[in-house]
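One structure is given below, encoded as structure tokens.
The values are calculated or read from the model by the stated rules, or taken from the named source; none is laboratory data. Note that the structure is predicted; figures quoted are calculated from it, not measured. So basically every Cβ, Gly included, is an ideal-geometry build from the backbone, and we count neighbours across all protein chains shown. Surface areas here come from the heavy atoms of the whole protein model, side chains and all, with no ligands, DNA or RNA. Shrake-Rupley method; radii C 1.70, N 1.55, O 1.52, S 1.80 Å.
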Amino acid sequence: MPPTPVFPEFYRALNARDPFPWQRRLAEHVAATEQWPADVGVPTGLGKTACLDIAVWWLASQADRQPADRAAPTRIWWVVNRRLLVDSTADHAERIARVLGDPDAANLVGRDREVVASIAHRLRSLSADPGGSPLEVIRLRGGVASRTPADPSQPAVLLCTLPMYGSRLLFRGYGSNQRLRVVDAAMAGTDSLVLLDEAHLAPHLRASLPALAACTPHAEATLGQARSNPKIASLTATGDAADGQRFDLDDEDRAHPVVRQRLDAAKPLDLRVETGDSAKRLADAALNLLQQAPRPAACVVFTNTPKTARETFDRLGKLLPEGAAELLLLTGLTREREAEQVRARILNPEHGMAAARAMAAGRQRHLVVVATQTLEVGADIDAEYLVTEACGVRALTQRLGRLNRLGRFPHARAAYVHLPPPKPQRGRKAADPNLWPVYGCEPASVLERLREARDPEGSVSLSPRAVTEVLGPPRDLRGRAPEILPGILWEWTKTTTPPEGEAPVEPYFSGIAGPQYSVSLIWRVHVPEDGERLWPRATDREAVDVPLAEVRAVLGDDEFRRLAFDGVTVETTSG
């Protein structure tokens, strides 16, 4: 078997550039200690997606070991809390797989080709089919249909949301039929490295993994102790300073010219304390920033709910002069087939706002994207202007990561629009005057910190180097999750005939206060009757995940059709 190339060579061959010092140092740390740090606390914009490259390289480096001696897991799970971002990161994973599968098609020559071919050969040696693909990439988008690696020995990257992974780990995989639930649980719970992108979105999942191991103290370590249970690493720019085993930048990173440029990227923020309609204020703030632009520019507007996003989008469409801007809307309620088109426009290398877009590429008109949290984590975009609705520390830090991401725009500017919490709708219980949707009471403390940090001109400097000091530690409440007990786990393992009244799995990875109950909705012109088959078969690209409470609010007790466990047959149910 060929020797393992060092990580910088592999990274350079894949990405046509050298890794940052922290990326090289993390690879060396993982290889030397044979484990990942609990937290990779690197600021946004500095290439945390390279953790996929590191995980693949580490697995290849241990391919010549005996199974019981290997510490590197065969499956790499990339878990996020936003469905649309699964697809964004998957693009990078699929490019790695393509280059490994055919270095010649990637136009690699010389040492680069030799390095990639060596890694590919080592990965293939792990699979039961040495002639197959060196790396499989699977996207798990929603609950309509899904798949799992056909061969458990096949090196694989699986990208999914928190509910998709958590439900599989607990034997109730969304989109998985009853026969495959135990297989999916094995794929998620053994021989797996779990990379949690922005792990503050999944504190209960992190806590549940040790609890699951404690429920089965006498289980045999069939793959050796290192790979019998999932290993988890948090990738977060907004972790708590008190977190142990935190991997962060060092002096070498800060001295690196590219890292230094991104850490000091200009991100002045104007504080706008307003009253009235939130969509109107957000649209006005975006229009004000665009009027300051020296040339056609890219602007992103963050809202906290899909409803506000739609209203802001509609209002901007009326305010902007005809032909002055391309206006896009992206929320979690966007079907994959439409979301794919919107993402393609946002990441277009010539007319979009991708971070890789050439500085010399001019624009004929403004590009304005109105989005919810779907763009605040993991999206590699670089906007010149940003408007955000009031939010928490973590969300604001992430949203600012989409502004002047690479430090190329000295004219970059942001606006933070703070309004009082919305009044309750007629007939509903009065809202707490100190609670905002999604972020609770945290926007009040964010407003206070921003006011204290204003300069004489009224703006706040929030470069990545300064943002933590200005905003302070996050003040969000993580809430509680129920404790996993052996009896509950035993009920979940009965996948063929689930016990009546069994505990739902969602609160164990989403928390008691806000379990993420959702359903996947599709629309068809022809819907067959009970017992008939739906054709063509349903796909995730035509589905949209909607909170169950919202579906019930609209449908009430009306009857509608759903897919049975076989994923094909239609049956009638009520709202």
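Hey, what number do you get for the chain at 222 nm if only DSSP H runs of n ≥ 4 count, each worth -39500 (n - 2.57), divided across all residues, to the nearest 500? Can you show the working numbers first?
Working: 19 runs with 195 residues, N = 575.
Dividing the helical sum by the residues of the chain leaves -10000 deg cm²/dmol.
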* To do: Heads up, I need the accessible area for MET1: 1.4 angstrom probe, whole protein in place, Å², nearest 10.
  => 110 Å²
* Structure fact -> Charge tally for neighbours of TYR11 with beta carbon under 14 Å away, counting Lys, Arg as +1 and Asp, Glu as -1, is +2
* Compute the length gained on full extension between PHE560 and ASP264: take 0.36 nm times their separation in residues and subtract their Cα-Cα distance, giving the result in nm to one decimal. => 101.1 nm
* Asked: Among all the lysines, which ones have a C-alpha under 21 Å from LYS231's C-alpha, if same-chain residues fewer than 8 places away are not counted?
  -> LYS48
* Considering Cα pairs under 8 angstrom that are at least six residues apart, work out the relative contact order of the chain and quote it in whole percent. => 16 percent
* Asked: Out of the DSSP beta bridges found with both residues in the chain, what percent are antiparallel (nearest 5)?
  -> 25 percent
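What's the extension gain from GLN178 to GLU322 if we count 0.36 nm per residue and subtract their Cα-Cα distance?
Details: separation 144, 0.36 × 144 = 51.84 nm, distance 5.32 nm.
Gain on stretching GLN178 to GLU322: 46.5 nm.
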* Asked: What does the accessible area of GLU550 come to, in Å² to the nearest 10, when a probe of 1.4 Å is used?
  -> 90 Å²
* To do: Provide the net charge surrounding ASP69, with neighbours chosen by a C-beta distance below 12 Å and charges set as Lys +1, Arg +1, Asp -1, Glu -1.
  => +1
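Can you order the peptides 390-402, 250-262 by their average number of other Cβ atoms within 10 Å per residue, highest first? If you can, show how the numbers build up before the last one.
Values: 390-402: 25.5, 250-262: 14.4.
Final packing ranking: 390-402, 250-262.
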* Which label in [x] 0.96; [y] 1.00; [z] 1.02 gives the computed Rg/Rh (Cα atoms, Kirkwood Rh) -> [x]
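Normalising by the residue count of the stretch 1-152, find the relative contact order in percent from Cα pairs under 8 Å and 6+ residues apart. Show your work: numbers first, answer last.
Working: 141 pairs, mean separation 41.8, N = 152.
In percent, rounded to a whole number, it is 27.
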* Determine the sum of side-chain charges near GLU252: Lys and Arg each +1, Asp and Glu each -1, restricted to other residues whose C-beta is under 14 angstrom from that of GLU252. => -2
* Mean separation of Cα contacts under 8 Å (6+ apart) over length of the stretch 158-223, as relative contact order % -> 22 percent
* To do: Mind grabbing the accessible area of TRP57 for me, 1.4 Å probe, Å², rounded to tens?
  => 20 Å²
